[in-house]
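Chemist: Here it is: the structure, laid out below.
Where a number appears in this text, it was derived from the coordinates with a stated rule and is not lab data. Since the structure is predicted, the reported quantities are computational estimates derived from the model, not experimental observations. Note: ideal-geometry Cβ built from the backbone for every residue, glycine included; neighbour counts use all protein chains shown.
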Amino acid sequence: MKRIYLRLALILAAASLPGASLAAAKLALPPCSKFPSGKKHVYPWTATLAGGVMSAPLPSNDHSYYYFDFVAAEDAVKTYASAEKFSVVVPPGVAQWKSDYQLFLYGKAEQANGRYYFTGVYAGGSGSDSAEVHRRDTLEIVLSGEYCLDSSG
Amino acid sequence: MRTGAGMTAIICSALLVALSHPAIAGRPIPDTGLDHCKPRGEHRIPVPTWSVDASTNALSPSPPPPSIAGGSFVYIVLGADMYPSTFDIRSGGAVYPASCGKFSYSPLVSFDLPKDRKNPTAGGTRLHLKALGTFSHGTCSYDGFFISASAPQTAQGWTDLTFDPVDKTPPRDRYCLADVNTARRPEPRKVLPPCERTAHRIPIPVWQPAVSADGELTSDPPHQHGAIVSTSIEVPRAADGNCIGWRNGDFRFVRKNPISSANNSGLAVLLRGNDSAGPASCRLSGFYLNEPIFDVQDGWSRTFFGAIDANRMIDSGQYCLARRGEESK
């Protein structure tokens, strides 16, 4: 029962960001084959952060490339003197960690409608108390022929 | 009979005279921050370099401007005489005599580049740059990256070209510098195979709307972040001669919200690049990558399509052309 309430809270938190995902993501990458193809796998990750609630756990640390469709309320995002550096505090409870966890995002983001939109392919990794991801050039990722989209989870 | 040393001295003197006037000699291209394009196998988009001698006593006619598509960059190297001047400065509706670098902002500088210098009434190019010049040895120089600011307009043999300055060097990984005054080498046009003949490829939707006189599109674009679309749009010219929707290198069209009674909300569609201008219309034709714009202003949401290199996309071997009607899956 507790689980159902938690799930409901997450759904409501996501819904409280109207227009959170105005443009559906459809990155023009081929789906990854089950067999080794030599291509780099890009894993989609969709989440919203508002009112201290993260709608989905951070992506697994096992992978290098993620397709982010991440929307965070403006007041949840810390900005820096460098225009292309941001960070958010990921609250405990939605994943394995017990204390606040910081996610640093490098690269351009769009600020609109009281939110920050982090959309695109990010590469990076995470440590025990923070993660750092860098935005890659979408056009380069799409046209290079070196990447595939892995929606297997 | 001249001696070898005498002949050498004459040649050297002639060279020195020529080189002492930078506008006549054609100044070398400074370090632009971009690599020069490779002669073969270049996947980056070439930025044309247009070197213009706008002095009154230029020895050769001005080279024609490169073929410029909206939103594409041009590197301009231009030298013009100050005395007598061959250009004027326009600011706030007033015309000032030529001055070089005396403004705290970039004024509009206009140059007449006749096709035939002996017959200036035969027409040519009128070049308008928003830029600050640099004065040296009687010559005002204008160097830098520019972007076309309005559709070229031709009247009575004169074509008006207007350029805005670009703040930053175009990204090195996506652009390279083409040779001076040479048109982009036409590469053999490759064709995206239809999806019926291929397996396991990503279908690229085809979007071919018409544009009304108000800039309204007849169909919705398939807009999803990171998606590629094949487009062909014929854009008529408006009464002022500009193609409908053209502004600062972009085309902006609208899809009004059919439900809204006020008729003042909907989707604004921005397209950059892959355009060409004809006498009666402009044409947007090619492949575009969709990127989201999340800002909603006064009921209008927006979406952006940036031109991509068709040959590189086709060479990736990942895509096929969807049949019309199958695209929006």
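Chemist: For segment B:195-321, what is the percent of antiparallel DSSP beta bridges, rounded to the nearest 5?
Modeler: Numbers: 30 of 43 bridges.
Taking every DSSP beta bridge with both residues in segment B:195-321, the antiparallel ones total about 70 percent.
Chemist: A follow-up question, please. Please list, or write none, the aspartates and glutamates whose alpha carbon is within less than 17 Å of the alpha carbon of residue B:38, excluding same-chain residues fewer than 8 places away.
Modeler: Output for residue B:38: B:173, B:179, B:187, B:309.
Chemist: Modelling each spin label as a point 7 Å along the Cα-to-Cβ direction, I'd like the residue B:311/residue A:130 distance in nm, to one decimal.
Modeler: 4.5
Chemist: Multiply the residue separation of residue A:46 and residue A:60 by 0.36 nm, subtract the distance between their alpha-carbon atoms, and state the gained length in nm to one decimal.
Modeler: Values: separation 14, 0.36 × 14 = 5.04 nm, distance 1.27 nm.
Here the segment from residue A:46 to residue A:60 would lengthen by 3.8 nm.
Chemist: Per residue of B:220-232, what is the mean number of Cβ atoms on other protein chains within 10 angstrom of that residue's Cβ? Please report the intermediate quantities before stating the final value.
Modeler: Values: counts 0, 0, 1, 4, 6, 14, 16, 7, 6, 1, 0, 0, 0.
Counting Cβ atoms of other protein chains within 10 Å of each residue's Cβ and averaging gives 4.
Chemist: Next question, about the same structure. Please give the net charge around residue B:156, taking every other residue with its beta carbon less than 14 angstrom from that of residue B:156, where Lys and Arg add +1 and Asp and Glu add -1. Mind dumping the intermediate values first?
Modeler: Details: positive: B:115, B:126; negative: B:112, B:160.
Around residue B:156, the surrounding residues sum to 0.
Chemist: How shielded is B:294-302 by partner chains, expressed as the average number of their Cβ atoms within 10 Å of its Cβ atoms? Numbers along the way, then the final one.
Modeler: Working: counts 15, 6, 5, 2, 0, 0, 0, 4, 3.
Per-residue shielding by partner chains comes out at 4.
Chemist: Give, in nm to one decimal, the length gained when the segment between residue B:196 and residue B:220 is fully stretched (0.36 nm per residue of separation minus the Cα-Cα distance). Please report the intermediate quantities before stating the final value.
Modeler: Working: separation 24, 0.36 × 24 = 8.64 nm, distance 2.45 nm.
That works out to 6.2 nm of additional length.
Chemist: In units of 2.2 N^0.38 Å, what is the alpha-carbon radius of gyration of segment B:195-321?
Modeler: 1.11
Chemist: Sort B:135, B:304, A:35 so the one with the fewest other Cβ atoms within 10 Å of its own Cβ comes first. List each step's numbers first, then the result.
Modeler: Working: B:135 13, B:304 18, A:35 5.
Least to most surrounded, the residues fall as A:35, B:135, B:304.
Chemist: Okay, next question. If each residue's Cβ is checked for other Cβ atoms within 10 Å, how do A:49, A:27 rank with the fewest at the top? Could the numbers behind the result be given before it?
Modeler: On the way: A:49 26, A:27 22.
By the 10 Å Cβ count, ascending, the order reads A:27, A:49.
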